[in-house]
Amino acid sequence: MEKLDLGKQYKAYYIATTTPALVEIEAAKYLSIVGKGDPSGEEYAATLQALYATAYGVKFWYKAQKQDFVVAKLEGLWWFDEAKYKDIPMADSPTQIPRSEWHFRMLIRMPEYVTIKAVQQIAEEVTAKKQIALARQVELYEMQEGKCVQMLHIGPFDKEPESLQQIMQFSEAHQLQRNGLHHEIYLSDFRKTVPEKLKTILREPVK
């Protein structure tokens, strides 16, 4: 049985250059969970546990149906209360907005054949069998970002403002305006990779 690898099937989705570029992103399905708070805190860790437990539950359920796939890279949409912090541009937000004030939607891309019904069933099984109550908050989420400016950030997360500044300058030079949430794709496992070698795609929807 051949195992579907979304990283290979949608190779362009997981590739970015170290300078800003304009790209077109296709519609896709994701497992998703929403939360708020410091990404180094316990609540964030609990949401990731629920997301991954459900993702592997979905994987093994479909494997039993002869439709096995590789669990894809972790992704995240990040935002904050723009009315409360209206004078802070995105490039400065990581350093000027408290980490506790950030909202997030963590994502793992899924094959097109995954259904809402299957995800709901598996989330209930994860809740009951593994005692992970947050699994009930995991959902199948569809997103179509369309036109985006993106670049590959290499290095620690606290250096992202330097890359975001480049994205902002590129957007201004090409008269592009924000059109969606800040999106990160974590190409590296940040539990095992030293900060200097972390690779993260930063993606900003524009119009």
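The values are calculated or read from the model by the stated rules, or taken from the named source; none is laboratory data. The shown structure was predicted, so the numbers you read here are calculated from the model rather than taken from an experiment. Here Cβ is always computed from backbone atoms with ideal geometry, including for glycine, and neighbour counts include all displayed protein chains.
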Q.
I'd like the residue in segment 4-60 that is aromatic (Phe, Trp, Tyr), part of a helix (DSSP H, G or I) and more than 14 Å from the chain's Cα centre (by Cα) and, out of all such residues, is surrounded by the most Cβ atoms within 10 Å (Cβ to Cβ).
A. 56
Q. Pairs under 6 Å by beta carbon, first residue assigned to a loop (DSSP other than H, G, I, E, B) in segment 70-89, partner small (Gly, Ala, Ser) and at pLDDT 85 or above, six or more apart or different chains?
A. 71/55
**Q.** Members of segment 143-161 that are acidic (Asp, Glu) and either touching a helix residue (DSSP H, G or I) at 6+ places or on another chain (Cβ under 9 Å) or at pLDDT below 95 (or both)
**A.** 158, 160
Q) Of the residues that sit in segment 107-126 and are of a type in the set (Val, Ile, Thr) and not in a helix (DSSP H, G or I), which one is farthest from residue 185 (Cα to Cα)? A) 115
Q | Neighbours by Cβ (under 8 Å, 6+ apart or cross-chain): first from segment 142-161, touching a residue at least 60 places away in the same chain (Cβ under 8 Å) and small (Gly, Ala, Ser); second buried (at least 21 other Cβ atoms within 10 Å of the Cβ) and not in a helix (DSSP H, G or I) | A | 146/205
Q: Kindly list, by first and then second residue, each pair from a residue in segment 166-178 that is closer than 18 Å to residue 92 by Cβ to a residue that is exposed (fewer than 10 other Cβ atoms within 10 Å of the Cβ), limited to pairs with Cβ atoms under 7 Å and residues at least 6 apart or on different chains.
A: 177/207
Q: Take segment 80-106 and flag every residue that is modelled with pLDDT of 90 or more and touching a helix residue (DSSP H, G or I) at 6+ places or on another chain (Cβ under 8 Å).
A: 104, 106
Q | Meets criteria (free of Cβ contacts under 8 Å to residues at least 40 places away in the same chain and not polar (S, T, N, Q)) for residue 59 | A | yes
**Q.** Residues being exposed (fewer than 15 other Cβ atoms within 10 Å of the Cβ) and at pLDDT 95 or above - total across segment 166-193
**A.** 7
Q: Taking only segment 173-200 into account, find how many residues are more than 27 Å from residue 81 (Cα to Cα) and of a type in the set (Asp, Glu).
A: 2
Q.
So, in segment 103-120, how many residues would count as being more than 14 Å from the chain's Cα centre (by Cα) and touching a residue at least 40 places away in the same chain (Cβ under 8 Å)?
A. 6
Q. For residue 75, all conditions in the list (1) of a type in the set (D, E, K, R); (2) at pLDDT below 95; (3) in contact with an Asp or Glu (Cβ under 8 Å, 6 or more places away or on another chain) hold save one; what is the number of the exception?
A. (2)
Q: Determine whether residue 60 is hydrophobic (A, V, I, L, M, F, W, C) and out of contact with any strand residue (DSSP E or B) (no Cβ under 8 Å at 6 or more places or on another chain).
A: yes
